[in-house]
1. Which percent, nearest 5, of DSSP beta bridges in the chain are antiparallel?
2. How big is the stretch 15-56 along each principal axis, measuring the range of its Cα positions in Å and listing the largest first?
3. For the stretch 113-233, treating each Cα as an identical point scatterer without solvent, what Debye log10 I(q)/I(0) comes out at q = 0.09, 0.18, 0.21 1/Å?
4. Quick one: Kirkwood hydrodynamic radius for the stretch 165-246, alpha-carbon pairs, angstrom, one decimal?
5. Using a 10 Å cut-off around each Cβ, can you sort Asp219, Asp334 from fewest to most neighbouring Cβ atoms?
6. I need the phi-derived Karplus couplings for the stretch 35-43: 6.51 cos²θ - 1.76 cosθ + 1.60, θ = phi - 60°, integer Hz, Gly and Pro marked x.
7. Mind pulling the per residue volume of the convex hull built on the Cα atoms of the chain? Å³ is fine.
8. Just to be sure I follow the rule: in the stretch 28-169, considering lysines 8 or more places apart or on different chains, how many pairs have Cα atoms under 18 Å apart?
Amino acid sequence: MIQEQISQYTEEINAFATSDAEQLEQFRIKFLGTKGIIKDIFDQFKAVSPEEKRTLGKVLNSFKQLAEEKYNTLKETLEAHAGPGAAAQIDLTLPGEGYEIGSRHPLALVRREIIAIFTKLGFSVAEGPEIEDDWHNFSALNFPEEHPARDMQDTFFIRKGGENGDIALRTHTSSVQVRMMEAGQPPFRALMPGRVYRNEAISARAHCFFHQIEGLYVDENVSFADLKQTLFYFVQELYGEGTKVRFRPSYFPFTEPSAEMDISCSICKGDGCQMCKQSGWVEILGCGMVDPNVLENCGIDSKKYSGFAFGMGIERIANLKFEIKDLRLFSENDVRFLKQYQSVLS
Ligand code: PHE
């Protein structure tokens, strides 16, 4: 009885082949399951006589082995062909999950636009270290030792004193102008974009770091008229034709004369609004003729060469362009905020 069953099922097992996971599972349930054929035959086996058991036992064991081996080989081939996840029955017709595409940071967009405008006037881009020594950040730029001008920019010092004097986080990218002038001879016509640091309490209107773009133009016969014309052109390109400019006298240790430049408010077009505090004008940058002392400090003949320099905060420009009132948004990394500006400037 058992013998017969075994030979019948052996044939069936040998003949069985499938590449379908469901059919293989049916096979497993039928032969190897807890209520399967093998279990059933083993139950019957308990009742046979001890003599019979000896021969039948072997047959039964190899029958069980046959079923297990068949199942395992088929399972392995199925998995190898299907790869991981196939058992989960992936529906390839379902729509895929989209990946979010990143966007440029609004400050990067504005920086890129500013650089593009000055590039048309022949300016190149120069960069320098964010950790600076006293010479490049202050002394070469005509900030006298112990002069109150050093207090204009509250500085994060990394080391006070030492061989090369104080080491600090740069407070402006004018330090890159010094490095550029020290390394060569005029003509220089370059922009210095970069991050700068000042020890300020963080609020909507101030941060302990921000981004600047400074510019330097040194050659023979560079005049204040060149400065005005260059910056006028820049503003027309950035804020549109008809934007007015005005220069107010100011003070920087490294420029003489120095000025601050205002533009007619880009938001209300001069009518008066919250952004320009009802004045119709907003300040966007500091500028001036490079002080002859600075040229000499950098090994440049101030009798032969003259130059102008300017510096602006990128956050300030972005602020006027996008009406972003809280500076902190720029560094909070909230993508919902950051990705809004991609289409405005690109
Ligand atoms: N370095 C000045 C600042 O950070 C800006 C400036 C640059 C002013 C060049 C004049 C000329 O405030």
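Laboratory data are not the source of any read-out in this text; all were calculated from the coordinates shown. In this text, all values refer to a predicted model and were calculated from it rather than measured experimentally. Cβ coordinates were reconstructed from backbone atoms using ideal geometry, including for glycine residues, and neighbour counts include every protein chain displayed.
1. Of all bridge pairs located within the chain, approximately 95 percent are antiparallel.
2. 42, 20, 9
3. Summing over Cα pairs of the stretch 113-233 leads to -0.29, -1.04, -1.24.
4. 15.2
5. With the fewest neighbours first, Asp219, Asp334 line up as Asp334, Asp219.
6. For the stretch 35-43, the Karplus-derived couplings read 10, x, 4, 5, 4, 4, 5, 4, 4 Hz, x marking Gly and Pro.
7. Per-residue hull volume (Cα only) is 282 Å³.
8. 14
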